[in-house]
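A.B. asks: Pasting a structure below so you can have a look.
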Amino acid sequence: MAPTAIKGVSRRPKHEPPSKTSTQSKYVNRLLLIVAVNVAGLVGYAGYKAFVPYVPPEITPLKAPLMKELHEFGSSYKNNMLWGSYRSGLYFGMRTRAARPLLLGLMWFDPSDAATVQQQAVRHEAQQADQLSSYGWVRHDGRSYGRQEIADGDFQLSIQMVKHATAGSGYGGDWAVRVSLTLTAAGKARQDAAKAAAEAEGRKAARRKLSLVFYFADAHWRTSELEMWPDQQQSKLGEGVQLLSGVNEDVGPWSLHLRPGPSQTGTDDPGSSSSGSSSTSKAAASGRLHSLGMRLQDG
């Protein structure tokens, strides 16, 4: 009889996975343990702070002069930097570096555009809602010179600022601002087309214009002196005119002059446009140079 192989079979019980209830119980226990440790730590820290007095860190002042006391920022620096284009929120403006400054600003609008007048869309504060093609300083040394180019629709404004101090200058030195106005290439093409259409109809075409508004303000209005058109000067620009004069607590005696552009003095610069100054001079000569003064109240 042939031998028979006998195969052994294991009778160990199968491993059963833990139940869902036991797994959740373990997570809850761990979470409670973490919360208990955090609470114990907070209680211990609070007790420590309650019984141990707080000692502030020792602060030792730096043994060095204040920035405003340095030689670089002395009286000469303050004098040279008193005036500047420090009105960054506007398209252009000048002011003094003082708590209550002297202010100069520029605004403009197109009087021939009815929608502009009705909506009171005067260019003053620099904002995207004006939808200017471009604006900004193309050159500025931060001290004595700057040139800004502004493209507003059909018009191109070029604003140049220069400061100069001599022995005869008052506190803060002298400064000048030149505003030149020209039509862009697209604006000139539209004006030529309108002119041709008007001539074909036998009438004269209206010339494109832009009204410029310069304003000046003195924050020391309670104690400062301010006079418009001093000495009863005539409002003509042939030889220049003094618009304002006054005395300010920070600056001392000052005056603001309006002078003709290069085209009226015979010193045209071929690299610059003088149509803006020409229009201004013609406006003054014809009595269209207007002035308005008012005293502002606090608040």
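A.B. asks: Of the residues Leu90, Leu132, which is modelled with pLDDT of 90 or more, farther than 30 Å from Ala165 by Cβ and surrounded by 15 or more Cβ atoms within 10 Å (Cβ to Cβ)?
C.D. replies: Within the list Leu90, Leu132, the selection yields Leu132.
A.B. asks: Which of (1) of a type outside the set (S, T, N, Q); (2) touching a residue at least 24 places away in the same chain (Cβ under 8 Å); (3) not in a strand (DSSP E or B) does Tyr48 not meet, given it meets every other one?
C.D. replies: So Tyr48 meets the others, but not (2).
A.B. asks: Now a separate question. Select from the stretch 137-177 the residues that are aliphatic (A, V, I, L, M) and not in a strand (DSSP E or B) and list them in ascending order.
C.D. replies: Answer for the stretch 137-177, where residues must be aliphatic (A, V, I, L, M) and not in a strand (DSSP E or B): Ala165, Ala167.
A.B. asks: Now a separate question. Among the residues of the stretch 60-84, how many are surrounded by 13 or more Cβ atoms within 10 Å (Cβ to Cβ) and either free of Cβ contacts under 8 Å to residues at least 24 places away in the same chain or over 30 Å from Gln148 (Cα atoms) (or both)?
C.D. replies: Total satisfying the criteria: 3.
A.B. asks: Can you tell me which residue is modelled with the highest pLDDT among those in the stretch 99-124 that are of a type in the set (Val, Ile, Thr) and surrounded by 15 or more Cβ atoms within 10 Å (Cβ to Cβ)?
C.D. replies: Looking at residues that are of a type in the set (Val, Ile, Thr) and surrounded by 15 or more Cβ atoms within 10 Å (Cβ to Cβ), I get Val122.
A.B. asks: Moving on to the next point. I need the full set of residues from the stretch 96-136 which are in contact (Cβ under 8 Å) with a residue 40 or more places away in the chain and not in a loop (DSSP other than H, G, I, E, B), in order please.
C.D. replies: Thr96, Leu102, Leu103, Leu104, Gly105, Leu106, Met107, Trp108, Phe109, Tyr135, listed by residue number.
A.B. asks: Is the stretch 199-219 home to any residue that is closer than 29 Å to Glu249 by Cβ and acidic (Asp, Glu)?
C.D. replies: yes
A.B. asks: I'm told Thr96 meets every condition in (1) under 25 Å from Val251 (Cβ atoms); (2) open to solvent by 40 Å² or more (accessible area, probe 1.4 Å); (3) among the β-branched types (Val, Ile, Thr) except one. Can you identify the failing condition by its number?
C.D. replies: If we test Thr96 against (1) under 25 Å from Val251 (Cβ atoms); (2) open to solvent by 40 Å² or more (accessible area, probe 1.4 Å); (3) among the β-branched types (Val, Ile, Thr), just (2) comes out false.
A.B. asks: Could I ask something else about it? Starting from the stretch 173-184, keep only residues that are over 13 Å from Leu157 (Cα atoms), then list their pairs with residues that are polar (S, T, N, Q) and surrounded by fewer than 16 Cβ atoms within 10 Å (Cβ to Cβ) whose Cβ atoms are within a distance under 6 Å, requiring at least 6 positions of separation or different chains.
C.D. replies: Note: no pairs meet the criteria.
The values are calculated or read from the model by the stated rules, or taken from the named source; none is laboratory data. Just so it is clear, the structure is predicted and the values come from calculations on it, not from any experiment. We place every Cβ from the backbone using ideal geometry, glycine too, and count neighbours over all the protein chains shown. To get the accessible areas, we keep the full protein, side chains included, count just its heavy atoms, and leave off ligands, DNA and RNA. Shrake-Rupley method; radii C 1.70, N 1.55, O 1.52, S 1.80 Å.
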